[in-house]
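Novice: Starting off with a structure, shown below.
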Amino acid sequence: MPPDQHAPPGQQPGDPAHVDRTVVSADGTPLAVAESGSGPALVLVGGAWDHHGSPAVDRMVAALSDRYRVVTYDRRGRGASGDTAPWSVEREVEDLAAVAASVDGPADAVGWCVGAGVVLRGLAAGVPFGRAVLWEPPYRATVDPQGDDVLFADFLDGHVAAGRRAQAVRAFLSRVLGIPIPHITAARLKPGLWRSLLADAHVLSRDVRVLNGLSVPERVAASVGVPVLVASGDGGAEWMRQASVALAEAVPGSRHLVVPGQGHVPEPKVLRHLVDRFVGLPAPE
């Protein structure tokens, strides 16, 4: 998801924030990791522009950290983490595995938007999470899973290589997230927000590849062997809900839940409620 337009005073969306430690992935890439709170461990993975310092991540952490030990990290090529060539989906999975291994004791995972796709890949590869909550990964239930999954990603890479970062951002926002063109145009009128979008233009094609070219990765999903809750809101795009239903049908034993009044970006308290229900902690008094 794009960074929230309403950053705390003095903070631009996407500004770097404090990190607690550096975890080294299998190929030597340093990953910036932070922890907050105490209790059962949760590893959070957000959308395309969600990393340390982004308001969406900060609000999710704030909503969960009074009852959970919340672990966040900057994905490679983003925020304060490093970036080692060549990139691949497998390296992203190794990164998630390294972060999970750095957490003392068992952990569950929460992913939203593209982050839900990252978590799904990790679960299928055996990253040892006990459970996972996935919120609206932006797949297309109607996309042919046998189709070519690299053309749009290559298209984004071509824009970035030619210095057309703005075109890459516009294309990703429109095609992947379904954001209307007038809203994208309005974002360009907010310099801090637009700068933060452009800063991560070079990694957007990676997210398309993580998302299997936007088609539901049925073979990946079929390899998941832990309980998964796939959730979506009733206030957003219908194709998002259809994709969530399709993903839940593809993950053995998973559940799908539609949450009233929510769009593609869930309110932190809503995500907190889903985690409480799924992890099994009693409701706070």
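Novice: Does the range 261-273 contain any residue that is of a type in the set (A, V, I, L, M), outside any loop (DSSP other than H, G, I, E, B) and more than 16 Å from the chain's Cα centre (by Cα)? So that I can check it myself, show each step before the final result.
Specialist: Filtering the range 261-273 down to residues of a type in the set (A, V, I, L, M) leaves 265, 270-271.
Imposing the further condition that a residue be outside any loop (DSSP other than H, G, I, E, B) reduces the set to 270-271.
Filter once more, keeping what is more than 16 Å from the chain's Cα centre (by Cα): 270.
The answer is yes; a qualifying residue exists.
Novice: While we're looking at this one, here's another question. Would you point out which residue out of 179, 184 is touching a helix residue (DSSP H, G or I) at 6+ places or on another chain (Cβ under 9 Å), more than 30 Å from residue 42 (Cα to Cα), among the β-branched types (Val, Ile, Thr) and surrounded by 14 or more Cβ atoms within 10 Å (Cβ to Cβ)?
Specialist: Among 179, 184, only 184 is touching a helix residue (DSSP H, G or I) at 6+ places or on another chain (Cβ under 9 Å), more than 30 Å from residue 42 (Cα to Cα), among the β-branched types (Val, Ile, Thr) and surrounded by 14 or more Cβ atoms within 10 Å (Cβ to Cβ).
Novice: For the range 187-254, give me every one of the helices (runs of 4 or more DSSP H) that falls completely inside it and has 3 or more residues that are modelled with pLDDT of 95 or more and either within 18 Å of residue 274 (Cα to Cα) or β-branched (Val, Ile, Thr) (or both). Outline the logic, then answer.
Specialist: Working: elements: 191-199, 204-210, 218-222, 238-250.
It comes to 238-250.
Novice: Which members of the range 211-231 meet the condition of being at negative phi and crowded, with 22+ Cβ neighbours inside 10 Å? Let's see the steps before the verdict.
Specialist: First pass over the range 211-231, keeping only residues at negative phi: 211, 215-231.
Of everything in the range 211-231, those that are at negative phi and crowded, with 22+ Cβ neighbours inside 10 Å turn out to be 211, 216, 217, 221, 224, 228, 230, 231.
Novice: Can you confirm whether residue 62 is surrounded by fewer than 18 Cβ atoms within 10 Å (Cβ to Cβ) and at pLDDT 95 or above?
Specialist: Details: surrounded by fewer than 18 Cβ atoms within 10 Å (Cβ to Cβ): yes; at pLDDT 95 or above: yes.
Answer is yes for this residue.
Novice: If you don't mind, there's one more thing I want to ask. Which condition from (1) without any contact (Cβ under 8 Å) to a residue 60 or more places away in the chain; (2) in contact with a Cys (Cβ under 9 Å, 6 or more places away or on another chain) is the one that residue 177 breaks?
Specialist: (1)
Novice: Moving on. Given the criteria touching a residue at least 24 places away in the same chain (Cβ under 8 Å), more than 24 Å from residue 78 (Cβ to Cβ) and either surrounded by 18 or more Cβ atoms within 10 Å (Cβ to Cβ) or touching a Pro at 6+ places or on another chain (Cβ under 8 Å) (or both), does residue 234 qualify?
Specialist: Values: touching a residue at least 24 places away in the same chain (Cβ under 8 Å): yes; more than 24 Å from residue 78 (Cβ to Cβ): yes; either surrounded by 18 or more Cβ atoms within 10 Å (Cβ to Cβ) or touching a Pro at 6+ places or on another chain (Cβ under 8 Å) (or both): yes.
Yes: the conditions hold for residue 234.
Novice: Can you go through 258, 230, 210 and tell me which one is more than 14 Å from residue 111 (Cβ to Cβ) and of a type in the set (A, V, I, L, M)?
Specialist: After ruling out the rest, the residue left standing is 258.
Novice: Still on this model: Regarding residue 26, is this residue among the hydrophobic types (A, V, I, L, M, F, W, C) and either in contact with a His (Cβ under 8 Å, 6 or more places away or on another chain) or modelled with pLDDT under 95 (or both)?
Specialist: In short, no.
Novice: Yes or no: residue 31 under 20 Å from residue 209 (Cα atoms), outside any loop (DSSP other than H, G, I, E, B), modelled with pLDDT of 95 or more and among the aliphatic types (A, V, I, L, M)? Don't jump to the end; show me each part of the working.
Specialist: Numbers: under 20 Å from residue 209 (Cα atoms): no; outside any loop (DSSP other than H, G, I, E, B): yes; modelled with pLDDT of 95 or more: yes; among the aliphatic types (A, V, I, L, M): yes.
Taking the combined requirement at face value, the residue does not satisfy it.
Novice: Run down 115, 111, 79 and say which single residue is on the phi > 0 side of the Ramachandran plot and of a type in the set (Gly, Ala, Ser).
Specialist: 79 is the lone residue from the list that is on the phi > 0 side of the Ramachandran plot and of a type in the set (Gly, Ala, Ser).
The values are calculated or read from the model by the stated rules, or taken from the named source; none is laboratory data. Everything numeric in this text was worked out from a predicted model, so none of it was measured. Please note: Cβ atoms are built from the backbone with ideal geometry, for glycine as well, and neighbour counts cover all protein chains shown.
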